[in-house]
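The values are calculated or read from the model by the stated rules, or taken from the named source; none is laboratory data. Here the structure is a predicted model, which means the values were calculated and not measured. As a convention, Cβ positions derive from the backbone with ideal geometry for all residues, glycine included, and neighbour counts pool all protein chains shown. Ligands, DNA and RNA are excluded from the accessible area calculation, which covers all protein heavy atoms including side chains. Shrake-Rupley method; radii C 1.70, N 1.55, O 1.52, S 1.80 Å.
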Amino acid sequence: MTVGSLDIHLAEAFAPCLQGPALRTIISSDVDGIEYGAVLKNVYGICGGIIYGLKNGDNFLANLVSNAIREMDRFLAVASPRERNICDSVYLGDLLVTAYSKFSRNHNFGAYIGRGYSVKAAMMEMEMVAEGYYGTKCIYEINKKLGVDMPILDCVYSILYEKMSAQKAIDILADKLK
């Protein structure tokens, strides 16, 4: 678990309160990066779920995730420029678990959409809120000003807010992934 704070001494004092036999803490002063990363991993988790729901396979999902971490890195470099290791667990680890886990609310929300549910119907199936739905619009609006190349974000936005079919949006995205 990452404890983020601009006051490192405060984070160092607080972190031991959270530690236990199965939980280790890491300290970071990258508060903006952690917050943006948390929102973005939910967006990418929705996309991973859509891919799962469409039955596009594990290789496609792995390609999506490798592109997603690069997309996140590009966004963070512009939105909150500073040195960071995008492979740290707070970025890459959270992205992996959100994109792959069947326990992830955002993954499950996306899977419903991939299986043909409307956004509204998918929301009604959920017992909890999939934060990535709202996060997608927020980051999309922020990125209008920043102009970062974010094809995965654009894909998810087009599905959730422009009512593009999931299959069509993912087909368009597939041509943009490296």
What about Lys145, is it over 18 Å from the mean Cα position of the chain (by Cα) and open to solvent by 30 Å² or more (accessible area, probe 1.4 Å)?
yes
Within region 122-131, is even one residue in a helix (DSSP H, G or I), farther than 22 Å from Ile34 by Cβ and open to solvent by less than 20 Å² (accessible area, probe 1.4 Å)?
yes
Helices (runs of 4 or more DSSP H) enclosed by region 1-115 - at least 2 residues per element that are surrounded by 13 or more Cβ atoms within 10 Å (Cβ to Cβ), touching a residue at least 24 places away in the same chain (Cβ under 8 Å) and charged (D, E, K, R)
31-53, 58-79
Just to be sure I understand the filter: pairs with C-beta atoms under 6 Å, separated by 6 or more residues or on different chains, first member in region 116-144 and at pLDDT 95 or above and polar (S, T, N, Q), second member outside any helix (DSSP H, G or I) and open to solvent by less than 70 Å² (accessible area, probe 1.4 Å). Which pairs pass?
Asn143/Met150
Of the residues Phe14, Phe60, only one is farther than 16 Å from Gly132 by Cβ, at pLDDT 95 or above and of a type in the set (Phe, Trp, Tyr); which?
Phe60
Which one is farthest from Val65 (Cα to Cα), of the residues in region 164-178 that are in contact (Cβ under 8 Å) with a residue 12 or more places away in the chain and outside any helix (DSSP H, G or I)?
Lys176
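What about Val156, is it open to solvent by less than 60 Å² (accessible area, probe 1.4 Å), over 17 Å from Gly57 (Cα atoms), in contact (Cβ under 8 Å) with a residue 60 or more places away in the chain and outside any helix (DSSP H, G or I)?
Answer is no for this residue.
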